[in-house]
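Student: I'd like to ask some things about the structure below.
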Amino acid sequence: MRLFILAAAAAATVAAPALAAERLTDPEYLKASRCLGLAQSKAVGEVDTTALEAELKSQSRGRVSTITDRASDSKAYALREGRRAEGERRDALVAEWEGPCKRVTGV
């Protein structure tokens, strides 16, 4: 029994850094929120946002309210921006989605 407890404690110690590494930093979280807004605006084409929405919801737990508020604002701004974008601005938003957004979101 004692050996089992020691093994479980060792496994938890090894697993803890791996779980912490999956947590987005605040800047990454804010960027992912902006990317969700772009994807929902349809400026970048049809994108399934279900997984990204779920990930951001789980990532919001335990964050300071100022960060979650900024993320909500960032998403709303990107959504408006994407809906109104035409021509070169739309191309810039698509490039943002294809580059930084795909790196942060993994989509």
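Student: Identify the residue in the range 36-62 that is closer than 15 Å to Leu24 by Cα and touching a helix residue (DSSP H, G or I) at 6+ places or on another chain (Cβ under 7 Å) and, among all such residues, is surrounded by the most Cβ atoms within 10 Å (Cβ to Cβ).
Tutor: Leu36
Student: If you go through the range 26-52, how many residues are among the acidic types (Asp, Glu) and closer than 13 Å to Arg103 by Cα?
Tutor: Total meeting the criteria: 1.
Student: Consider Lys75 against the criteria (1) farther than 18 Å from Thr50 by Cα; (2) in a helix (DSSP H, G or I); (3) among the charged types (D, E, K, R); (4) under 14 Å from the mean Cα position of the chain (by Cα): it satisfies all of them except one. Which criterion is unmet?
Tutor: It is condition (1) that Lys75 fails.
Student: Pairs only if they're at least six apart or on different chains, beta carbon under 7 angstrom, first in the range 82-106 and farther than 22 Å from Leu52 by Cα, second in a helix (DSSP H, G or I); list them, first residue then second.
Tutor: Ala85/Leu93
Student: Then there is this: Scanning the range 20-73 for residues that are out of contact with any Ser or Thr (no Cβ under 9 Å at 6 or more places or on another chain) and acidic (Asp, Glu), which turns out farthest from Gly106 (Cα to Cα)?
Tutor: Asp69
Student: How many residues are surrounded by 16 or more Cβ atoms within 10 Å (Cβ to Cβ) and either at pLDDT 95 or above or not in a helix (DSSP H, G or I) (or both) if we restrict to the range 82-97?
Tutor: Selection size over the range 82-97: 1.
The values are calculated or read from the model by the stated rules, or taken from the named source; none is laboratory data. Keep in mind that this is a model prediction, so the values were computed, not measured. So basically every Cβ, Gly included, is an ideal-geometry build from the backbone, and we count neighbours across all protein chains shown.
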